[in-house]
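What follows is a set of notes on a single structure, which appears directly below.
The values are calculated or read from the model by the stated rules, or taken from the named source; none is laboratory data. Just so we're clear, the structure is a prediction, and the values are computed from it rather than from any experiment. Backbone-built Cβ (ideal geometry, glycine too); neighbour counts: all protein chains shown. Note: accessible area is taken over every heavy atom of the protein model, side chains too, but ligands, DNA and RNA are not part of it. Shrake-Rupley method; radii C 1.70, N 1.55, O 1.52, S 1.80 Å.
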2 protein chains.
Amino acid sequence: MGTPSGPTPDKIMQLGLGFWGSKTLLSAVELGLFSILSGAPTTAEDLRKKLGLHSRSAVDFFDALVALGMLTRKDGLYANTPEADLFLDRKKPSYVGGLLEMANARLYPFWAKLTDGLKTGKPQNEIAGGEDLFAALYAEPARLKQFLSAMTGISMGAGKAAAVAFPWKNYKSFIDVGCAQGGFTAQVALAHPHLTGGGFDLPKVRPIFEEYMKSFRLQDQMTFYPGSFFDDPLPKADVIVMGHILHDWDLAEKRMLIKKAYDALPSGGAYIAYEAIIDDERKQNAFGLLMSLNMLIETQGGFDFTGANCQGWMKEAGFKDTRVVPLVGPDSMVIGIK
Amino acid sequence: MGTPSGPTPDKIMQLGLGFWGSKTLLSAVELGLFSILSGAPTTAEDLRKKLGLHSRSAVDFFDALVALGMLTRKDGLYANTPEADLFLDRKKPSYVGGLLEMANARLYPFWAKLTDGLKTGKPQNEIAGGEDLFAALYAEPARLKQFLSAMTGISMGAGKAAAVAFPWKNYKSFIDVGCAQGGFTAQVALAHPHLTGGGFDLPKVRPIFEEYMKSFRLQDQMTFYPGSFFDDPLPKADVIVMGHILHDWDLAEKRMLIKKAYDALPSGGAYIAYEAIIDDERKQNAFGLLMSLNMLIETQGGFDFTGANCQGWMKEAGFKDTRVVPLVGPDSMVIGIK
C-alpha cells in the first residue's frame, strides 16, 4: 500500500474547475457577505438569515469561504479574515470589491464565450457589435459607477506599492491619466501630502472622483481635470501616470498615448505606466497573460505587454532612461525619464 | 523605497478572477489543443492555424497556458507538459478531459447562477424545472456519452490511488456501483488481474462501458451488470465501490444506498465510498466543499460530506469497522468492513 507514482490529473482538475472557488467569492461579494460580517462574528444561522439564503447549501457556502481563506470560523462564529475585512467591506474606503462585482455581473458570463473570441479576434461583451467599450460603459450612469469602482479594485494595491516604490519626494506634481474613481491617485496623495495635481478622465467621471477624494479628505489636494486623451493634450505635471490604460488600446493607440505623456512632462519628468506587466520571457506572469485575454473579451484592439515591449515604445517616444519596478502581485510599473 | 507593509488585496483578486485561468484551460480542451500538440512540438503559427484561431490573441492564449503550467515552450516550440500529454490527449485511454469538456459546456454557464441557487436551494441546470438529473442526462445519447466520459475524468486519479491504497489481494471480486464509463473499474482491474466483477449502472451505459474496457483489453475480466440502484438489489461481491455516488443524493437516499451495499456484501466484505470527502473540521478541503455547491447546481438534494458523517452512516447500516484513507488531491475513500 502507498500512494501512486507517476503523473496524476489532480493539478489539471484543480485548474479546470477553478471557476468554482472564483464564482463562490464573486457571489459572496454580490451578496454583501463581508460587509455584514465586518466587526461582528456571526453564527451560520444568523448569517444565512441576514443574506436571505436557503438552508440547503448555506453552511457549505460559508465553509467553502473558510477553506478558500476568505473567512475564519472559531467556536461556530464566522468572521472576515483581516484582508477580507479591509478590502471587501463596502462601508470602508479601502473597498476593492467593485472589480469583483463587475467580474460577477459582466466578465464571468462574457468569458463563457472565450473560444468565440479566440476564433474571431473580436470582443465578446456589450461591444460585440463594434462599439467602443468606454462609450458603452460611460453611457449609463449605473454601469459607469460600477466600472469606475471596479478600477479602484485593480489599482489600489498598485497605488499602495507605488507610493513607496517610487521617489515621489523628488517631484512636486502628478497627473493620474484615466484616473477613474481615483484608487491610485488617493494612495499616492495620502502618502505624499506635498504632491499636487490630480486625476484626468472624461467629464462624466468628475462627481465620482470628487466623492471618492472626499472620503479620504483629499479634495483640497487632488483636482479633477476633465478631458479625453484622444482629443486633448494631457495636463502638464512632473509625473504622468497611466494605470491599466495602455492595455486597453492597439499598438498605434498605445504609441500615441506614450507620446502625449512625453509631451506633458518637463525635462527630467517621469512617466509611470503600471499594469500586470508580462515578464519578458512570457512564461511566469499568468495573470498578465490572462489580462490580455480579458482585453480580447473587452476591447476592439487592446492587449497586455512585457516590460521590454513597453520600454521599447518609451525609447521610441524619446524617453532617455527606462526601467521596470515590481509592485505587488502581478503588477509592475514601467518608468520612463524624459 | 521598498514594498508596502500590511495587507494587500492581491490574494482576493487572484481568487476572484480565478475563472480566467480556469476558462482558458477549458477552452483549450474544447479546441483539442492538447491532442494536436501530442507528440509534436509546434510553432505558435502552426498551432494557431491548426486550431483555426484568429491571430490577435492566439499567442497570448498559448503563453497563458505555459504560465499556468499546462504547456512548455522551448526554442519557440510549444509542447504538452507530461501531465497534459497523458491526461488531455483525446487519443489516449488515460484522457480525463471529458470532465473539463462537460465543465466547459454545462457547469461554467450554470455556475453563473450560483447566487440564485444559494437563495432558492434549487438546481440551476437542465433540471431547474424539477426533473431528475440522471433521467435528463441519460435521455440524450450525446449528453450521456459526455457525462460518462466526464465521470472518468473525476475518477481515474482516485482509481490509480485506490489500486495501491486498498488491500485488493485479500478479496476476489468487486462491483463498481454507478460505474459510468468505468474509469475507476479499469484502474483497479489493470493493477489486480486476479479480481473479477465489473460495473453496475443503468442499461444504456453498457455499450460505452464495454467499449472503454476493450480499450484496456479488460473485456474478459470486467463484466457490465445492468440495473438501477433505486429499483434493484446490488450484485453480490467481496467489495462494493461507490465513487461520487453518495453526494448526488439526499440523506435518506444516501442511507438507502449504504444499506444496499451492506446487503450485497459477505461477512468481512468491504464497502468503499470515495469522493472529495470533506475534512471533519470543514476548514481544509475547499474542493470538497465546492463540490457540494456543485451538487446544489446539479441535483435536487445532493450534498458532499465529511469522513465522520460517512462513517456514522456506515455504522448505522451495520458496518463493524470504518476508516478514512486519503487518495489523491481532494479525494479520500471511506471504507466500511461488514
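The table for this structure:
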{"read-out": "Average beta-carbon neighbours from other chains, 10 Å sphere, peptide A:99-112", "value": "4"}
{"read-out": "Zero-based 10 Å bins, Cα pair distances in segment A:185-282, whole percents", "value": "14, 43, 34, 9, 0"}
{"read-out": "Burial ranking of peptide ranges A:182-192, A:41-51 (average Cβ count within 10 Å, highest at the top)", "value": "A:182-192, A:41-51"}
{"read-out": "Calculated over segment B:107-178: convex hull of Cα atoms, volume per residue (Å³)", "value": "144"}
{"read-out": "Positive dipole terminus of chain A, leading residue within A:192, A:154, A:133 (C-beta point charges)", "value": "A:192"}
{"read-out": "Cα-based Rg and Dmax for segment B:292-338, where Dmax is the largest Cα-Cα distance (Å)", "value": "12.4, 35"}
{"read-out": "Point-charge dipole on Cβ atoms (K/R +1, D/E -1) for chain B, about Cα centre, debye to 20", "value": "360"}
{"read-out": "Chain A: most fluctuating residue of A:109, A:235, A:167 per GNM, C-alpha cutoff 10 Å", "value": "A:167"}
{"read-out": "J(HN,Hα) series, segment B:313-321, from Karplus relation 6.51 cos²θ - 1.76 cosθ + 1.60, nearest Hz, glycine and proline x", "value": "5, 5, 4, 4, 7, x, 5, 7, 10"}
{"read-out": "Alpha-carbon spread of the protein assembly as shown, three principal axes, descending order, Å", "value": "87, 57, 43"}
{"read-out": "Segment B:13-156: Rg to Rh, with Rh as the Kirkwood radius over Cα pairs", "value": "1.03"}
{"read-out": "Total charge dipole magnitude, the protein assembly as shown, about the Cα centre, Cβ charges on Lys, Arg, Asp, Glu only, Debye to nearest 20", "value": "460"}
{"read-out": "Degrees between helix A:58-67 axis and first principal axis of chain A (Cα, 0 to 90, nearest 10)", "value": "60"}
{"read-out": "Between helix B:141-165 and chain B: long-axis angle, C-alpha atoms, 0 to 90°, nearest 10", "value": "80"}
{"read-out": "Over segment A:226-338, relative contact order from alpha-carbon pairs under 8 Å, at least 6 apart, %", "value": "29"}
{"read-out": "Accessible-area composition of the protein assembly as shown, carbon plus sulfur, in percent [1.4 Å probe]", "value": "54"}
{"read-out": "Degrees, to the nearest 10: A:251-264 long Cα axis against longest axis of chain A", "value": "60"}
{"read-out": "Percentage relative contact order, chain A, counting C-alpha pairs under 8 Å, at least six apart", "value": "13"}
{"read-out": "Length-normalised contact order of segment A:26-158 in % [C-alpha pairs under 8 Å, at least 6 apart]", "value": "24"}
{"read-out": "Percent antiparallel among DSSP beta bridges (both partners in the protein assembly as shown, rounded to 5)", "value": "50"}
{"read-out": "Dipole magnitude of segment A:214-338 about its Cα centre (Cβ charges: Lys, Arg +1; Asp, Glu -1), debye to nearest 20", "value": "340"}
{"read-out": "Fraction of beta bridges assigned by DSSP in segment A:81-233 that are antiparallel (%, nearest 5)", "value": "0"}
{"read-out": "Unit Cα scatterers, Debye sum, segment A:164-218: log10 I(q)/I(0) for q = 0.17, 0.20 Å⁻¹", "value": "-0.50, -0.67"}
{"read-out": "Cubic angstrom per residue, convex hull over Cα atoms of chain A", "value": "175"}
{"read-out": "GNM result for chain A, Cα springs below 10 Å: residue of A:313, A:249, A:20 fluctuating most strongly", "value": "A:20"}
{"read-out": "Average projected area [Cα convex hull, segment B:218-336], square nanometres", "value": "8.1"}
{"read-out": "Gaussian network model of chain B, Cα within-10 Å springs - most flexible of B:118, B:15, B:33", "value": "B:15"}
{"read-out": "Cα→Cβ-extended label distance, 7 Å offset, between residue A:215 and residue B:219, nm", "value": "6.7"}
{"read-out": "Calculated FRET efficiency for the pair residue B:140/residue B:321, C-beta based, R₀ 45 Å, to 0.05", "value": "0.60"}
{"read-out": "Global form of segment B:76-201, assessed from the alpha-carbon gyration tensor, a/c cut-off 1.5", "value": "oblate"}
{"read-out": "Against the rule of thumb 2.2 N^0.38 Å, how large the Cα Rg of segment B:1-64 comes out", "value": "1.57"}
{"read-out": "For segment A:198-248, the spread of Cα positions along each principal axis, largest first, Å", "value": "29, 25, 20"}
{"read-out": "Counted charge near residue B:43, where neighbours are those whose Cβ lies closer than 14 Å (Asp, Glu -1; Lys, Arg +1)", "value": "+1"}
{"read-out": "Residue-wise HN-Hα coupling along segment A:290-300, computed from phi with Karplus coefficients 6.51, -1.76, 1.60 (Hz; x: Gly, Pro)", "value": "6, 4, 5, 5, 5, 5, 4, 4, 9, 10, 6"}
